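These notes are about the structure you will find just below.
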Amino acid sequence: MANVKANRLANFELLIKEAGSIIELSRRAGYNKPAYLYQVHAQREKANGTTMQIGKRVAQRLEEAMGKPAGWMDQDHSAAAGGRRKTRAAKPAAVAVEAGAAASLGVETVTLAFTGASGMPYGIRLLECLLQAGKTVYLVYSQAAQMVAQQEMDFDLPSSPAEAQKLLCKHFNVAPEQLQVFGKYEWFAPIASGNSVADAMVVCPASMGTVAAIACGTADTLLERAADVCIKEKRPLVLVPREAPFSALHLENLLKLANYGCTVLPPSPGFYTKPQSVEDMVDFVVGRILDQLLIPHNLTPKWGA
């Protein structure tokens, strides 16, 4: 029975990949809300101390929804699935995927949030570099971020998380399990709970409204809740605030978060590297963010090297 449980969980991941997201898989299976599947995916612990599993009835429902033969969920398909995953080859002058500092910190999953502040090129480039480094990214963004992406980059971020995930996975040539996109109120997303929090979180760019909400602990949206969880679980939280000038209120909120252990990293590119383009200046800031996560990179030359 233990092997059947393990096979069902492994095949559950394959079906999520095939459907494109947990939400889409839930929709195909006829679930009005994806809560149960999110809980299984997060391996939520029940009151009796056991973790949530996929029962026979749910397994049959998933098989029917995805056109699989009866009993497919109980079988080992690892050999057949081998080689299907697509990964993006790292560019020579981008992220250096190495064991070492990043491994010692244990940063494998990163929650990345886009908000309505100016600076979307920083966020998109950071997303690209995290994926190149082989990290799993949980992406959330506000409606205002969609407008900023269009204004600054002529990039259309879909309102539907499933559509956004499909678009971005294709754009960056990664598998769906490496990049998961969640909606504003998806409270059963893994990043909404302390027992499944990502290893680190970055809000880039961070609007002053988002900074204020995080500082006050309102947690009215998944983005704010994910940050709140990061703080309470004492995980790295990097804020990239893009505003000028800062008011006393802005500074008070940022100081408050810094005192809670958050890293406040304004997108202030240095010029000692003699940047030749806007892209060089973006890479400087993104490199500093990766430094905070202890993820090796080759975006900018090291001082004194």
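The values are calculated or read from the model by the stated rules, or taken from the named source; none is laboratory data. Computed from a prediction, not measured in an experiment: that's the story for all the values here. For neighbour counting, all protein chains shown are included, and Cβ atoms are generated from backbone atoms with ideal geometry for every residue, glycine included. Side chains included, ligands, DNA and RNA excluded: accessible areas come from the protein's heavy atoms. Shrake-Rupley method; radii C 1.70, N 1.55, O 1.52, S 1.80 Å.
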**Principal axis dimensions, largest first and in whole angstrom, of the chain by Cα** = 62, 42, 38
**Request:** Bin width 10 Å, alpha-carbon pairs only: give the P(r) of segment 144-250 as whole percents, running from 0 to the bin holding the largest distance.
**Result:** 13, 40, 37, 9, 0
**Request:** Send over a whole-number figure in Å² for the accessible area per residue of the chain, probe 1.4 Å.
**Result:** 49
**Asked** Going by accessible area, probe 1.4 Å, with all protein chains left in place, what is the ranking of 74, 283, largest first?
**Response** 74, 283
**Asked** Given the rule -39500 (n - 2.57) for each run of at least 4 DSSP H residues, summed and divided by the residues of the chain, what is its mean residue ellipticity at 222 nm, to the nearest 500 deg cm²/dmol?
**Response** -13000 deg cm²/dmol
**Request:** Using only the alpha carbons of segment 174-305, determine the length spanned along each of the three principal axes and report them from longest to shortest in whole angstroms.
**Result:** 45, 43, 23
**Prompt:** How far is helix 278-292 tilted, in degrees, relative to the longest principal axis of the Cα atoms in the chain, given as a value from 0 to 90 rounded to the nearest 10?
**Reply:** 70
**Complete:** Counting only DSSP beta bridges fully inside the chain, the antiparallel percentage to nearest 5 is 5
**Request:** In a Gaussian network model over the chain where Cα atoms closer than 10 Å are linked, find which of 228, 280, 154 has the largest mean-square fluctuation.
**Result:** 154
**Fill in**
Longest principal axis of the chain (C-alpha) makes with the long axis of helix 143-153 (C-alpha) an angle, in degrees to the nearest 10, of 60
**Prompt:** Largest first, what is the accessible-area ranking of 52, 201 with a 1.4 Å probe?
**Reply:** 52, 201
**Request:** Give the Kirkwood hydrodynamic radius (Å, one decimal) of segment 162-214, defined as one over the mean of 1/r across all pairs of different Cα atoms.
**Result:** 13.0
**Request:** Report, in degrees rounded to the nearest 10, the 0 to 90 angle that the Cα long axis of helix 2-19 makes with the longest principal axis of the chain.
**Result:** 60
**Request:** Between 155, 172, 12, find the one with the highest GNM mean-square fluctuation for the chain; connect C-alpha pairs within less than 10 Å.
**Result:** 155
**Asked** What residue among 158, 137, 120 has its Cα farthest toward the positive end of the dipole of segment 118-166, where the charges are +1 on Lys, Arg and -1 on Asp, Glu, each on the Cβ?
**Response** 137
**Message:** Given a 1.4 Å probe and heavy atoms of the protein chains only, how would you sort 14, 265, 62, largest accessible area at the top?
**Reply:** 14, 265, 62
**Request:** May I ask for the percentage of alpha-carbon pairs in segment 119-174 that lie more than 17 Å from each other?
**Result:** 34
